[in-house]
Structures are given as structure tokens and as C-alpha cells.
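Step one of this worksheet: look at the structure below.
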Amino acid sequence: MSTGSLDNAEKPIHALHVTAWMAGSKKYRVHLNEVFKSTIINAVVIDIKEYEGEVYIPGVNMAEKAGAYVPAMPDIAAWVADLKHQGIYTVARIVVFKDNIMPHKNKSLAVKNPQGDLWHDKNKITWLDPYNPEAGRYNLLIALQAAKLGFDEVQFDYIRFPTDGKPSEKRFAKPYDIQAASQALVSFLRQARQLLEPLGTKISIDVFGLTTSVNTGMGIGQLIVPMTQQVDYVCPMVYPSHYNKGEYGIPNPNDQPYRVIHLAMHDALKTLGPDGLKKLRPYYQDFSLPHHGIHYGKKEVRAQMQAGADVGLPSWTLWNARCSYNLEAIQTPIIPAISTHTVSTSSTVVNSTSK
């Protein structure tokens, strides 16, 4: 169903997240081509750097020297060109500061513990220090190469400080402070814009879902307003399963996908003002988590799309870590409701630790 080019930012983007390994699979590419022809999907978000630190595109000298390059998609430039020929909008996703390779190669770029050794999160993963300009430069070089390979957009994920552990356990280039942390992230995004805008490459960011409703930075530096001012699109990860019980006054958010998305996106529009309508492209949940309540199928996936559309946001990306999507949910467009849905717009956040 995809026709024409998506260079026109006014066209809604309906995207699927695709891992590098699936993107490099000829079998999965054939499957995607059928999806493009038979559904409303007109964009893909492809991993080119993941949190383990692996870089999946060739041509980044710093990554290759560090042993971070993994040839999951050796023909990526040709495939991106083919996707664009089909009218598919292409997004390169880069995990920025969570990185389990570069800190081991260059400890000066890393978050450290009080003893001066590498700090690890609860999953034993190291992080680059968001205050360190060279750590940012490394990711900017990857973004630049993605633009040169033909991607329409670069999307920065984990554009934040780490959440795990006590503040006293982490040592950055300078002490964590909400304003300084926000400024560090904004400075990185400003540099990205200066680098990529002349090439015609768009920029997006992934942020915690609750950044749409709280303005504390959540201990990770993500103040959504100044970050959004530096980018073309902002993508809150508003997965209902990731909200704690009681958030937004909902006993079990996972069981009420429409209400969660409606409240989160209403808050986002209230916070961002006119920028919100132009820039918001939320991530929706197309997966189920054990012991979290209902199974996510066509009904639940479309409920999220409907909620976004009902507040004026037709663009979205679906996330499934295994890249196995509910095709029934993406067969037909969502028609925004006029008055058929009534949802309270008074959102009460009782716990601001969800991701």
C-alpha cells in the first residue's frame, strides 16, 4: 500500500522496528516487502547500534578499530536505496550512551564507580558518560555514516543518563545535576542537528514515556521540552506494560492501552504545545509480557493507535524485540473518533520511575 516518497513531513509515518539481524536476513526482507504491499506500514526503524555496543554499519573507523563493527547488514546501502525506491521511509536507530564495548576500549569515556573502575548497570552493561564530548562524538560519527548510507532519519535511543544504582555509586565527568544533565543531552542533539541538517537527514529521539507527564528529568536528564526543540521528531516509549500499577490513576495500566496512550499523549501535547502535533511519533506496544495481565493482540495494538489518532497524532512506530508483528492490526488505517471516546484528561502520576 506504500506509494511515493515520505520526504513530505506532513504524511503520517507508520513504522515497524527491525533489528539489524532481521534487516540483514533475505527471508525477512521478502516478508517485509509483502508487509509494505498489504498493510499501512510505510517506514522502518533499523538498529544500526545496539546497547551491547555493536555497530552494524560499515565505514565508522572508530567503531572498527574498537572491534565494535559486526557485519549484520553488509549491503545496507543498497537495501536502503531499494526501500526508498519503494517509497519506504528509513530510520537508523542508534543506542547512544548504553554501550558495552567502547568503555572497555577507552575507559576515559565511561561512567565509573567510586574506585575509578568501570561502572556496570544491573545487567552488567557499561555506559558512556553523557558529559564527555568524545563519547558524544563517537555516536555522532555513526550518525553521520548512517546519513551517508542514505537513511532518511537518525533516531537516538538511550539519549539519557543511566537509571540503575544509587547516585553515589556512579561517577561522571562532573556531578549529576538536572540542569547540567539536560544541557549535556541538548548539546549533543544540537551538534547532531548541525551535522545532519545540511545533509537533509531528519533527527528523532526516544524518551521515557513518563517524560510526557513529569518535568523532573527523572534522574536521567530527559527534560522533554528543550530536547524536542533540537529535533524533528520525539518518540515517547509509551508501552502500557512499562507503567507501574496506579500510574495515571489506573490500577493496571497494561490492561488499558487506550487510556494510557490517550492520557500520555494528551499530556505530551499540553507540555510541548504546537511542536507536539508536528513532532510526536510515539512507540506503541506490539508484544506481551508474562504476568502483566492481558495478551496483546489486534484489539490492544489498534487501541493504542486509536488513542493517538483521537488526540491528533496519526504517526507511530510499533515495537517488538523479535520483529514479529500482528499483521491484522496494521491492515487498515485508523479513523480518528469525534466524540465516541470519552477519557478523562486529568492525569495523576503516582510513580515516576517507569521506562
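The values are calculated or read from the model by the stated rules, or taken from the named source; none is laboratory data. Owing to the predicted nature of the structure, the values given are computational and were not obtained by experimental measurement. Counting neighbours? That spans all protein chains shown, and the Cβs are built from the backbone with ideal geometry, glycine included. All accessible areas refer to the heavy atoms of the entire protein, side chains included, with ligands and DNA or RNA removed. Shrake-Rupley method; radii C 1.70, N 1.55, O 1.52, S 1.80 Å.
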Sequence ranges 61-72, 12-23, 201-212, 284-295, ranked by mean other-Cβ count within 10 angstrom, highest first: 201-212, 12-23, 61-72, 284-295
Value of relative contact order over the chain, rounded to a whole percent, pairs C-alpha under 8 Å and six or more apart: 16 percent
Fraction of accessible area attributable to carbon and sulfur, the chain (%, probe 1.4 Å): 52 percent
Max mean-square fluctuation residue, GNM over the chain, Cα-Cα springs under 10 Å, options Gly246, Gly308, Gly24: Gly246
Long-range HN-HN contacts of Arg160 with modeled amide H, under 5 Å: Phe97
Long-range Cα-Cα pairs in the chain (distance over 30 Å), rounded percent: 35 percent
Surface accessible to a 1.4 Å probe, per residue, for the residues of segment 149-273, Å²: 36 Å²
Karplus-derived 3J(HN,Hα), 6.51/-1.76/1.60, for each residue of segment 264-271, Hz, glycine and proline x: 5, 6, 4, 5, 4, 5, 5, 6
Karplus-derived 3J(HN,Hα), 6.51/-1.76/1.60, for each residue of segment 75-89, Hz, glycine and proline x: 9, 4, 4, 5, 5, 4, 4, 5, 4, 5, 4, 7, x, 8, 7
Relative contact order (%) - criterion: Cα under 8 Å, at least six apart; region: segment 107-157: 24 percent
Whole-Hz couplings from phi, Karplus 6.51/-1.76/1.60, listed for segment 147-154; x for Gly and Pro: 5, 5, 7, x, 4, 6, 8, 10
Sequence-distant residues sharing a close amide H with Lys202 (under 5 Å, placed H): Glu153, Val154
Under 22 Å from Lys166, Cα to Cα: lysines that are on another chain or at least 8 residues apart: Lys98, Lys107, Lys112, Lys122, Lys124, Lys174, Lys355
Value of D in µm² per second that Stokes-Einstein yields for segment 85-167, Kirkwood Rh from Cα pairs, at 4 °C (1.567 mPa s): 93 µm²/s
Euclidean distance between Cα centres, segment 241-286 to segment 182-223, Å: 19 Å
Isotropic mean projected area of the C-alpha convex hull, segment 18-147 (nm²): 8.7 nm²
